[in-house]
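Here is the structure we will look at, set down as structure tokens.
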Amino acid sequence: MKQCTHVEALPHPEPAPLGETCPECLREGTDPVQLRLCLTCGHVGCCDSSPHRHATRHHRETGHPVMRTHEPGEDWRWCFVDHVLV
């Protein structure tokens, strides 16, 4: 089974969200489908079901490897680099 090699390098405690919603969606006038929180810097971005996939774009632009859901009642993390739930 593939393992994530990035979780141990994440900051503790995890960063606070930099906002309540996806700032890129706000600027573009689009609605985010679901929100994701970057566990390196706290950026909030929309998921890949949203029109512009800002959480994935943030990973590609910064290299920040792991995000978690930023939706109430959900508790999971995803490593973009290793392509696994962590």
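The values are calculated or read from the model by the stated rules, or taken from the named source; none is laboratory data. Please read these numbers as outputs of a predicted model, since none were measured by experiment. No Cβ is skipped: glycine too gets one built from the backbone with ideal geometry, and neighbour counts run over all protein chains shown. Accessible surface areas use protein heavy atoms only, side chains included; no ligands, DNA or RNA. Shrake-Rupley method; radii C 1.70, N 1.55, O 1.52, S 1.80 Å.
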Scale the Cα Rg of segment 30-69 by the rule-of-thumb value 2.2 N^0.38 Å and send over the ratio, two decimals.
1.01
Tabulate in residue order the Karplus-calculated ³J(HN,Hα) for segment 48-57, using 6.51 cos²θ - 1.76 cosθ + 1.60 with θ = phi - 60°, rounded to whole Hz; enter x for Gly and Pro.
6, 7, 7, x, 10, 6, 5, 5, 5, 4
With all protein chains present, calculate the accessible area of Arg77 using a 1.4 Å probe and round the result to the nearest 10 Å².
80 Å²
List, in order, the whole-Hz ³J(HN,Hα) value for each residue of segment 10-22 obtained from phi through the Karplus relation with A = 6.51, B = -1.76, C = 1.60 and θ = phi - 60°; use x for Gly and Pro.
6, x, 10, x, 5, x, 6, x, 6, x, 8, 8, 6
Bounding extents of the chain in its principal axis frame from Cα atoms, largest first in Å, are 39, 27, 25
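Just to confirm the filter: which chymotrypsin sites (Phe, Trp or Tyr not before Pro) across the chain are DSSP coil and have at most 15 other Cβ within 10 angstrom of their Cβ? If you can, show how the numbers build up before the last one.
On the way: sites: Trp76, Trp78, Phe80; in loops: Trp76, Phe80.
Answer in residue order: Trp76.
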If you count only protein heavy atoms and use a 1.4 Å probe, how large is the accessible surface of Leu18, to the nearest 10 Å²?
130 Å²
Place the peptides 11-17, 56-62 in order of packing, highest mean first, counting for every residue the other Cβ atoms within 10 Å and averaging per peptide.
56-62, 11-17
Arg60 and His83 label points (each 7 Å along its Cα→Cβ direction) are spaced in nm at 1.6 nm
Would you mind checking which residues have amide H under 5 Å from Val33's amide H? H placed 1.01 Å from N; only 5 or more apart, or other chain.
Cys47, Ser50
So who's got an amide H within less than 5 Å of the one on Glu14, skipping anything under 5 residues away but keeping other chains? H placed 1.01 Å off N, in plane.
none
Using the Cα centre of the chain as the reference point, and only Cβ charges (+1 on K/R, -1 on D/E), how large is the resulting charge dipole? Debye, rounded to the nearest 20.
240 debye
HN-Hα J in Hz across segment 70-86 - Karplus 6.51, -1.76, 1.60, θ = phi - 60°, x for Gly and Pro
10, 9, x, x, 10, 8, 8, 10, 10, 9, 5, 6, 8, 6, 9, 6, 10
Which of the listed residues, Pro72, Gly42, Gly19, is farthest toward the dipole's positive end in the chain, when Lys, Arg count +1 and Asp, Glu count -1 at the beta-carbon?
Gly42
